[in-house]
Amino acid sequence: MDDEKIISLYWKRDERAVEETQNKYGGLLFSVAFGILQNREDSEECVNDTYVRLWQAIPPEEPDNFPGYVCCIARNLAIDRVKLYAADKRRGLKVAADELAACLPEAGDAVTDRMAMTKAFERFLASESPTNRMIFMRRYFYLDSTSDVARTMKMTDVSVRVALYRIRRRLRRFLEEEGITL
């Protein structure tokens, strides 16, 4: 079933919407959650929580990019679960955030900043090569360790770290050129 039909099932409050979402995106959602949590049971619970959150969000939301929307929900739920476990056991969440901190502006109006940053990140990533986009997303969206990114991309850990450094440097320049400053 295509995404528009699934969304219309949510709007109709038809429980088949959850079943169709599970059939189409269940594996992807589990992969996103497991990449962050590294625990099967927690990841399955996170995926189930994603379906509940979708049911609550649609309507009124009507996502343009349904796979991205459901993955963001799963990712955010997994991150929230990691935060609950303990600050010292965040599995790279803090490290990844610290790596990007030098590139990001300070918070102002949260909603406006988030929207502007999202659009800026989309434009920046569109300007990067497919390999660099994948490295960036694996590290900062899926929160993979650099060694996991290296294994996935069939690169060395050092090459991934160098690529990430260069990408962050270009991101900082890009944000400055966009007028998004620190």
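The values are calculated or read from the model by the stated rules, or taken from the named source; none is laboratory data. Just so you know, these numbers come straight off a predicted model, no measurement behind them. Neighbour counts are summed over all protein chains in view; Cβ atoms, including those assigned to glycine, are modelled from backbone coordinates with ideal geometry.
Points worth noting:
- Condition met for Val18 (surrounded by 16 or more Cβ atoms within 10 Å (Cβ to Cβ) and free of Cβ contacts under 8 Å to residues at least 40 places away in the same chain): yes
- Residues of the stretch 91-143 satisfying the condition of being more than 18 Å from Leu175 (Cβ to Cβ), at pLDDT below 65 and over 16 Å from the mean Cα position of the chain (by Cα): Val111
- For the stretch 32-47, a residue qualifies if it is surrounded by fewer than 16 Cβ atoms within 10 Å (Cβ to Cβ) and in a helix (DSSP H, G or I), and the qualifying residues are Arg40, Glu41.
- Of everything in the stretch 54-66 that is surrounded by 16 or more Cβ atoms within 10 Å (Cβ to Cβ) and within 15 Å of Arg16 (Cα to Cα), the residue that is modelled with the highest pLDDT is Leu54.
- Filter pass, Ala163 being out of contact with any Asp or Glu (no Cβ under 8 Å at 6 or more places or on another chain) and in a helix (DSSP H, G or I): yes
- Candidates in the stretch 1-31 are the residues that are basic (Lys, Arg) and either in a helix (DSSP H, G or I) or modelled with pLDDT of 95 or more (or both); of these, the one that is nearest to Arg138 (Cα to Cα) is Lys24.
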